[in-house]
1. What accessible area per residue, rounded to a whole number of Å², is obtained for the stretch 108-245 using a probe radius of 1.4 Å?
2. Of the candidates Ser176, Ser189, Ser211, which one comes out as most mobile in a Gaussian network treatment of the chain with C-alpha springs shorter than 10 Å?
3. Please report the relative contact order for the chain, taking Cα pairs under 8 Å with a sequence separation of at least 6, and give it as a percent rounded to a whole number.
4. Given a 10 angstrom Cα cut-off, can you work out which residue in Ala126, Ala100, Ala115 is the most mobile in a GNM of the chain?
5. Could you tell me the center-to-center distance, by alpha carbons, between the stretch 206-245 and the stretch 93-114 in angstrom?
6. Under the rule of -39500 (n - 2.57) per DSSP H run of 4 or more residues, summed and divided by the residues of the chain, what mean residue ellipticity at 222 nm is obtained, to the nearest 500 deg cm²/dmol?
7. Under a Cβ-Cβ cut-off of 13 Å, what is the net charge of the residues other than Ser230 that fall near it, where Lys and Arg count +1 and Asp and Glu count -1?
8. Could you work out which residue, out of Thr198, Thr138, Thr56, moves most in a Gaussian network model of the chain, that is, has the largest mean-square fluctuation with Cα springs under 10 Å?
Amino acid sequence: MQKTLQKLFQSMIGSLRDLTPIVAVILFFQLVVLKQPLPEVGQLIIGVIFVIMGLTFFIHGLEQGLFPIGETMAHALARKGSIFWLIVFSFSLGFGTTVAEPALIAVAAEAAAIAANGGVIEASEAAQEGYANGLRMTVALSVGLAIVIGVIRIIKGWPIQWIIIGGYIMVVIMTSFAPQEIIGIAYDSGGVTTSTITVPLVTALGVGLASSIKGRNPMIDGFGLIAFASLTPMIFVMAYGMIIQ
């Protein structure tokens, strides 16, 4: 118990250190550049405290829960020697974490509202919900496929650069044919998938798998899954835009 509290305290100190530059920038521009007092100081202080607490518990939770379970399951599946179940687990992990990604939910809802206002879809709640859900499912499928590709790359030992180069060439080509309204959303979708939920589990999966396979270096082969998870949504969302257009 004492060891856990000590690690939690260390995480809190780290969160406070990481947030200090942000607070300093805000105070500088508010007091020195804008020369205005801080509005609702008490509320701001409470908000900063909540941010520090949330970031502390989040980081501590990653270290205590998500990273270990991701690596443990990767080790267990590698020892089991079943490529099929490893692929199924990889796809399910990528799909499930992306569907639950708060950033993607927010972006999909905003994109649906803008599409309705711009006349791309009907300005009804059902149409917006369908558009947002379709966008989320498309991105989730793409991330699931990306993790599968990344896992196969680790198993086979393929160099990552050629896959990345080929993927971005496809993005450039599809950009020329995709509807203008979907291109920005597609590019942003690549960023929102690599956020709070997806990154820890996917990273742990790659490192754990590379550590379990003989001849693989976790530093070289274990990383790179996040790059695939950022790349494939751009391709899939532009394809989604072409279909619904």
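The values are calculated or read from the model by the stated rules, or taken from the named source; none is laboratory data. Owing to the predicted nature of the structure, the values given are computational and were not obtained by experimental measurement. Please note: Cβ atoms are built from the backbone with ideal geometry, for glycine as well, and neighbour counts cover all protein chains shown. With ligands, DNA and RNA removed, areas are computed over all heavy atoms of the protein, side chains included. Shrake-Rupley method; radii C 1.70, N 1.55, O 1.52, S 1.80 Å.
1. Here the residues of the stretch 108-245 average 46 Å² of exposed surface.
2. Ser176
3. Here the relative contact order equals 25 percent.
4. The residue with the greatest mean-square fluctuation here is Ala126.
5. Distance between centres, Cα-based: 18 Å.
6. Details: 11 runs with 195 residues, N = 245.
The helix-only estimate for the chain comes to -27000 deg cm²/dmol at 222 nm.
7. Numbers: positive: none; negative: Glu101, Asp188.
That sum, taken over residues with Cβ under 13 Å, equals -2.
8. Most flexible of the set in this elastic network: Thr56.
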